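Working notes, structure below.
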Amino acid sequence: MLLLSGFIIIALYFSLNRINDIQKSEFTYGTIIGTKEWRNKLFPEDSEEAPIVHFIYENQEIVFVAQRNTKYENGENVKVVFRKKSPDTAKIYSFTGYWLIPIIICSIPIILYFALILSFVGKFDFIVFNFREFKLYKKADKNGTLPSKLK
């Protein structure tokens, strides 16, 4: 139950945060006008690139660099999400451009929470998941025999 409740709390926080961000944002369409490259001289295979997006908001031209390592072709139209107060911090509204990084960031507390809970389980312990309850049983001996409740 502890694992499930922790996962639900973190997933709920992530969902509410993203929904709140979407509600306060504007959407428009932009055009890919090029790519920005970051070259690694020592390890050329580790070089990165990101699309450069152009869109117009309130008669103002906005150009921003999107998420690194997302592949788009020059001239391609993409959906853009941005805040009215700071349109220069816009993002491409796609899974990799808008959702992926927050999912990765929210998965870190989930992993740490699971590790904390599971650190209380010893070498000769059993975890029994049931739809009604969560139980942790200690083994009776080091031979691996189950407690009488689990046989």
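Can you list residue pairs whose Cβ atoms sit under 7 Å apart, with the first residue in segment 47-65 being closer than 12 Å to T35 by Cα and assigned by TED's automatic domain parsing to the domain that holds E37 and the second being outside any strand (DSSP E or B) and of a type in the set (D, E, K, R)? Count only pairs 6 or more apart in sequence or on different chains.
The qualifying pairs are E48/R68; A50/R68; F64/D88.
Wholly within segment 6-81, which strands (runs of 3 or more DSSP E) include no fewer than the required count, namely at least 2 residues that are of a type outside the set (D, E, K, R) and surrounded by fewer than 12 Cβ atoms within 10 Å (Cβ to Cβ)?
Answer list for segment 6-81: 25-38.
Any chance you could count how many residues in segment 83-116 are over 12 Å from P51 (Cβ atoms) and in contact with a Ser or Thr (Cβ under 6 Å, 6 or more places away or on another chain)?
Final tally of qualifying residues: 1.
Here is a list: N40, N20. Which entry is within 21 Å of the chain's Cα centre (by Cα) and polar (S, T, N, Q)?
Only one candidate passes the filter, namely N20.
Being modelled with pLDDT of 90 or more and in contact with a Ser or Thr (Cβ under 8 Å, 6 or more places away or on another chain) is the filter here, so list the residues in segment 57-73 that pass it.
Y57, F64
The values are calculated or read from the model by the stated rules, or taken from the named source; none is laboratory data. All values reported here derive from a predicted model rather than from experimental measurement. Every residue, glycine as well, gets a Cβ built from its backbone with ideal geometry; the counts of neighbours run over all protein chains shown.
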